[in-house]
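Chemist: Before I ask anything, here is the structure I am working with.
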Amino acid sequence: MFVLALLSLSCLASAGTPPDELVAGADWKLVTSADGISVYRRAVDGSSIDEIRAETDVPADLDAVAALLQDVSRRVQWDPTCQQARLLKRDGDLAYLAYYQIDLPWPVQDRDVVMTTRVTHEHQGVNIMSVATPDEEVPQNADFVRILQAREHWQLSEADSGITRVRLLTHVEPAGPIPSWLINAMSAEVPESMLRSIRQIAEAHDAGSSHVQIAEPAAR
């Protein structure tokens, strides 16, 4: 299953979609823009849950930000909904499988998800693309509802010397009986909080302490 998910991600990566095309179109609606962080949403065909785009500039070099995002164990530091993050397996330095537990507000039941991640380097910068995948090695727990449809795309590019432009595009089908209005509200609030925390880590000169190494330099 891990190999099949990697093949799917490889197809996405090989398409080499330019950054501007990922956010092109008039469908995006600005949700909030404050403190240097902008969040947008747009409808997704066949889903009641919106796709979210969030972006900001982070005061750290591109490789350091990429390393932070790829360090699975550190996700709990910058994702306010993540209560556990565990690396399951790695295929070289540019692909891995990870398990996450997601804390949702009461009375909604918490979620968990297994994500396959693929990292690609292009002349625009670094792309970190993750998709949810079923995995028999992680049995479902009655305390959690397993998410089976989710995608997350981090797009990093050099905005200036020592400044990395970070863009996140994400869409999650939460599974189970959750009101779409609640998920849509959280889906906008959470990415904003994530970017703010990532920026704070960078400002504290801590981003580069991640043990994850970048296998090849990002093309500039």
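Chemist: Just name the residue that is nearest to Leu182 (Cα to Cα) out of those in segment 103-118 that are of a type in the set (A, V, I, L, M) and in contact with an Asp or Glu (Cβ under 6 Å, 6 or more places away or on another chain). Even if it seems obvious, please write down each step before you answer.
Modeler: Keep residues of segment 103-118 that are of a type in the set (A, V, I, L, M), which gives 104, 108, 113-115.
Still in the list and also in contact with an Asp or Glu (Cβ under 6 Å, 6 or more places away or on another chain): 104, 114.
On the way: Leu104: 10, Val114: 22 Å.
Only one residue tops the list, namely Leu104.
Chemist: Return the pairs, sorted by first residue and then second, in which the second residue is open to solvent by 90 Å² or more (accessible area, probe 1.4 Å), the first residue lies in segment 140-155 and is of a type in the set (D, E, K, R), the beta carbons are less than 8 Å apart, and the residues are 6+ apart or on different chains.
Modeler: Arg146/Gln140
Chemist: Right, Asp93: assigned to a strand (DSSP E or B) and among the acidic types (Asp, Glu) or not?
Modeler: Numbers: assigned to a strand (DSSP E or B): no; among the acidic types (Asp, Glu): yes.
In short, no.
Chemist: Filter segment 96-113 down to residues that are not β-branched (Val, Ile, Thr) and not in a strand (DSSP E or B) and give me whichever is most open to solvent (accessible area, probe 1.4 Å).
Modeler: Here is the first cut: in segment 96-113, the residues not β-branched (Val, Ile, Thr) are 96-101, 103-107, 109-112.
Add one more test, that the residue is not in a strand (DSSP E or B), and what stays is 103-107, 109-110.
On the way: Asp103: 74, Leu104: 24, Pro105: 61, Trp106: 229, Pro107: 99, Gln109: 76, Asp110: 34 Å².
Across segment 96-113, the extreme among qualifying residues is Trp106.
Chemist: Just to verify a result, which residue in segment 30-74, among those that are polar (S, T, N, Q) and assigned to a loop (DSSP other than H, G, I, E, B), is nearest to Leu182 (Cα to Cα)? Break it down stepwise before answering.
Modeler: Within segment 30-74, the subset polar (S, T, N, Q) is 32-33, 38, 47-48, 56, 70, 73.
Filter once more, keeping what is assigned to a loop (DSSP other than H, G, I, E, B): 47-48.
Working: Ser47: 14, Ser48: 11 Å.
In this case the residue turns out to be Ser48.
Chemist: Continuing with the same structure: Test Asp93 against the stated conditions and say whether it is open to solvent by 20 Å² or more (accessible area, probe 1.4 Å), in contact (Cβ under 8 Å) with a residue 60 or more places away in the chain and of a type in the set (Asp, Glu).
Modeler: Working: open to solvent by 20 Å² or more (accessible area, probe 1.4 Å): yes; in contact (Cβ under 8 Å) with a residue 60 or more places away in the chain: yes; of a type in the set (Asp, Glu): yes.
Against the criterion (open to solvent by 20 Å² or more (accessible area, probe 1.4 Å), in contact (Cβ under 8 Å) with a residue 60 or more places away in the chain and of a type in the set (Asp, Glu)), Asp93 qualifies.
Chemist: I would also like to ask the following. Test Leu195 against the stated conditions and say whether it is closer than 20 Å to Lys29 by Cα and aliphatic (A, V, I, L, M).
Modeler: Values: closer than 20 Å to Lys29 by Cα: yes; aliphatic (A, V, I, L, M): yes.
Yes; evaluated as a whole, the condition is true for this residue.
Chemist: Looking at Gln77, is it out of contact with any helix residue (DSSP H, G or I) (no Cβ under 8 Å at 6 or more places or on another chain), open to solvent by 10 Å² or more (accessible area, probe 1.4 Å) and outside any strand (DSSP E or B)? First the steps, then the outcome.
Modeler: Numbers: out of contact with any helix residue (DSSP H, G or I) (no Cβ under 8 Å at 6 or more places or on another chain): no; open to solvent by 10 Å² or more (accessible area, probe 1.4 Å): yes; outside any strand (DSSP E or B): yes.
Against the criterion (out of contact with any helix residue (DSSP H, G or I) (no Cβ under 8 Å at 6 or more places or on another chain), open to solvent by 10 Å² or more (accessible area, probe 1.4 Å) and outside any strand (DSSP E or B)), Gln77 does not qualify.
Matching residues to (1) within 25 Å of Asp50 (Cβ to Cβ); (2) among the β-branched types (Val, Ile, Thr); (3) touching a helix residue (DSSP H, G or I) at 6+ places or on another chain (Cβ under 8 Å); (4) at pLDDT below 95:
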{"position": "Val113", "(1), (2), (3), (4)": "yes, yes, no, no"}
{"position": "Val138", "(1), (2), (3), (4)": "no, yes, no, yes"}
{"position": "Leu156", "(1), (2), (3), (4)": "yes, no, yes, no"}
{"position": "Thr164", "(1), (2), (3), (4)": "no, yes, yes, no"}
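Chemist: Here is a follow-up. Check Asn127 against each of (1) within 30 Å of Pro107 (Cα to Cα); (2) at pLDDT 90 or above and name the one condition it does not meet.
Modeler: The failed condition is (1).
The values are calculated or read from the model by the stated rules, or taken from the named source; none is laboratory data. These numbers were taken from a predicted model, which means no experiment stands behind them. Neighbour counts run over all protein chains shown; Cβ positions are idealised from the backbone, glycine included. Accessible surface areas use protein heavy atoms only, side chains included; no ligands, DNA or RNA. Shrake-Rupley method; radii C 1.70, N 1.55, O 1.52, S 1.80 Å.
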